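Chemist: There's a structure below that I have some questions on.
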Amino acid sequence: MHTVVVLALQDTIAFDLATPVETFGRVRLPDGRPGYRVLVAGEAPEVSAGPLRIGTDVGLEAVERADLVVVPGRNDPTRPTPPAVLDALRDAAARGSRIASICVGAFTLAEAGLLDGKNATTHWLSSEELARRYPAVRVDPDVLYTDNGGVLTAAGAASGLDLCLHIVQSDHGVAVAADAARLAVAPLQRTGGQAQYILRNRPGYQTASLERVLAWIEENAHRSLSLAEIASAADMSVRTLTRHFTAETGQSPIQWLSGVRIRHAQELLETTDHTVERIAAQTGFPTTSNFRSQFGQLLGVTPSAYRKTFRPQAKAA
């Protein structure tokens with residue numbers, strides 16, 4: 001039986017903590033034995049979790065005998081982690097225990113140095129901050145989870161369940177994991193990744209010099225726009241515009257335009273029954289095939305699959 005220790009830190013996100021406790025705690029092997037022994041460990045007998053108070057089973061010493069340590073997110077992920085917790089995580093990793101984070105729990109793993117040089121993910125709203133604070137971490141905001149062997153990370157909220165089921169499958173096989181998924185009333189593997197949940201190139205994006213032209217793109221993205229037209233709207237040369245875009249958004253002007261069009265298309269897929277062909281034309285894509293290609297590259301799913309997820313009552317497109 002594998003021992004799973006879920007760390008309960010002050011200000012923990014209750015959903016993130018409950019997910020591994022419930023998922024691993026309900027796993028049963030073919031002969032009926034439990035697949036995991038689950039413990040909730042912390043520095044204190046009780047921790048805050050938003051409006052809740054959560055009791056712990058054991059202290060940090062339980063991390064020493066864990067096969068898997070799960071670190072839930074905290075409501076303030078930039079809050080310094082107690083040194084004793086960081087030491088316990090480093091020691092566990094050095095002994096060969098697997099370490100996993102859920103949502104912004106990745107900040108704790110990064111603070112401990114366990115993600116240096118590794119692929120990691122976190123909630124898409126916090127991915128830029130994680131990358132900024134810990135440049136040695138290869139942050140991928142588009143996936144539901146990452147598995148580096150000894151260190152694993154999950155994106156926001158429900159992605160913690162995806163990661164737990166992935167671990168169950170790795171430990172006990174597909175049949176046991178499928179049973180765990182049925183108990184959770186969840187798919188064993190979701191279609192696509194976190195990319196389909198990200199709000200692209202949000203309106204009102206703050207930059208040093210591009211706010212006026214970003215607002216102009218927002219209003220004109222449905223038109224067939226050239227780089228020269230965007231530069232003219234910004235009162236800049238093409239070269240200067242491209243330099244500012246790269247420095248302030250991390251994208252080229254055309255990449256930004258495509259992201260705005262994709263976001264507009266997402267909104268139409270969620271709120272209308274318009275065909276994919278009509279949405280492609282409404283949002284400025286030159287052809288339907290171009291729209292399908294860019295949508296799939298950026299979000300990891302087809303427009304029809306996206307609509308099925310976010311507007312299941314819609315007519316087939």
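Chemist: Sorted from fewest to most neighbouring beta carbons within 10 Å, what does the list Met236, Met1 look like?
Modeler: Exposure proxy ranking, most exposed first: Met1, Met236.
Chemist: Please list the equivalent ellipsoid semi-axes of the chain, computed as the square roots of five times the alpha-carbon gyration tensor eigenvalues, in descending order and whole angstrom.
Modeler: Listed largest to smallest, the semi-axes of the chain are 41, 24, 15 Å.
Chemist: With a 10 Å cut-off between alpha carbons and a GNM built on the chain, which of Gly160, Gly150, Gly300 moves the most?
Modeler: Gly150
Chemist: Ranked highest first by average number of other Cβ atoms within 10 Å, how do 70-82, 28-40 line up?
Modeler: 70-82, 28-40
Chemist: Turning to a different aspect of this structure: So for the range 138-179, averaging the separation of alpha carbon pairs under 8 Å that are six or more residues apart and normalising by length, what relative contact order in percent results?
Modeler: Result for the range 138-179 is 25 percent.
Chemist: If I model a spin label as a point 7 Å beyond the Cα along the Cα-Cβ vector, how far apart are those points for Asp57 and Ala175 in nm?
Modeler: Inter-label distance under the simple model: 2.7 nm.
Chemist: Remind me, relative contact order of the chain in percent, using alpha carbon pairs under 8 angstrom and six or more residues apart?
Modeler: Worked out over the chain, it gives 12 percent.
Chemist: Among Ser101, Ser258, Ser232, determine the one that fluctuates most according to a GNM of the chain built with springs between C-alpha atoms less than 10 Å apart.
Modeler: Residue with maximal mean-square fluctuation among Ser101, Ser258, Ser232: Ser232.
Chemist: From the helices alone, meaning DSSP H stretches of at least four residues, give me the mean residue ellipticity at 222 nm for the chain, per-run term -39500 (n - 2.57), in deg cm²/dmol to the nearest 500.
Modeler: After summing the helix terms and dividing by the residues of the chain, the value is -13000 deg cm²/dmol.
Chemist: Using the Kirkwood formula on the Cα atoms of the range 89-154, what hydrodynamic radius do you get, in angstrom to one decimal?
Modeler: By the Kirkwood definition, the hydrodynamic radius is 11.4 Å.
Chemist: For helix 174-183, what angle does its Cα long axis make with the longest principal axis of the chain, in degrees from 0 to 90 and rounded to 10?
Modeler: Tilt of helix 174-183: around 80 degrees.
Chemist: I've got another one for you. Just report the Cα centroid separation between the range 141-174 and the range 212-291, whole Å.
Modeler: Going from one Cα centre to the other spans 34 Å.
Chemist: Among Ala158, Val104, His172, which residue has its Cα positioned farthest towards the positive end of the charge dipole of the range 2-195, with +1 placed on the Cβ of Lys and Arg, -1 on the Cβ of Asp and Glu, and the dipole taken about the Cα centre?
Modeler: Checking the options against the dipole of the range 2-195, the answer is His172.
Chemist: Follow-up question, since we're still on this one. Given a Förster distance of 45 Å, report the FRET efficiency between Gln282 and Asp87 from their Cβ-Cβ distance, rounded to the nearest 0.05.
Modeler: Once rounded, the FRET efficiency stands at 0.20.
Chemist: Could you compute the FRET efficiency for Arg223 and Trp124, with r as their C-beta to C-beta distance and R0 at 30 Å, rounded to 0.05?
Modeler: The pair Arg223/Trp124 has a calculated efficiency of 0.60.
Chemist: Considering the dipole of the range 199-310 built from charges on the beta carbon (Lys and Arg +1, Asp and Glu -1) around the Cα centre, which of Phe295, Gly204, Ala221 is farthest to its positive end?
Modeler: Phe295
Chemist: Test of the criteria: in the range 187-279, which chymotrypsin sites (Phe, Trp or Tyr not before Pro) are in a DSSP loop and have at most 16 other Cβ atoms within 10 angstrom of their Cβ?
Modeler: Here the sparse-neighbourhood loop sites are Tyr205.
Chemist: Would you mind ranking Ile102, Ile279, Ile167 so that the residue whose beta carbon has the fewest other beta carbons within 10 Å leads the list?
Modeler: Ile279, Ile167, Ile102
Chemist: Sticking with this structure for a sec: Say each of Leu199 and Ser304 gets a label point 7 Å from the Cα, pointing the same way as Cα to Cβ; how far apart are those two points in nm?
Modeler: 3.0 nm
Chemist: Given 10 Å bins starting at zero, what is the percent of C-alpha pairs of the range 34-109 in each, up to the one with the largest pair distance?
Modeler: 18, 54, 26, 2
Chemist: Would you mind getting me the FRET efficiency between Asp116 and Ser209? Use the beta-carbon distance for r and R0 = 35 Å, nearest 0.05.
Modeler: The calculated FRET efficiency here is 0.55.
Chemist: Below 8 Å, C-alpha to C-alpha, sequence gap of six or more: please give me the relative contact order for the range 181-240 in percent.
Modeler: Across the range 181-240, relative contact order equals 21 percent.
Chemist: Could you pull the Cα extents of the range 158-317 along its three principal axes, largest to smallest, in whole Å?
Modeler: 61, 35, 23
Chemist: Can you compute the label reach from Arg311? Point 7 Å from Cα along the Cβ direction, backbone N cut-off under 18 Å, restricted to the range 188-221.
Modeler: Hits in the range 188-221 for Arg311 at 18 Å: 196-200.
Chemist: Which of His222, His244 comes first, and how do the rest follow, when ranked by fewest Cβ neighbours within 10 Å?
Modeler: By the 10 Å Cβ count, ascending: His222, His244.
Chemist: Which distance in nm do the two modelled labels at Ser237 and Leu29 give, with both placed 7 Å along the Cα-to-Cβ direction?
Modeler: 7.1 nm
Throughout, read-outs are computed from the coordinates displayed, never taken from laboratory work. All values derive from a computational prediction rather than experimental measurement. Don't worry about glycine lacking a Cβ; one is built from the backbone with ideal geometry, like all the others, and counts go over all protein chains shown.
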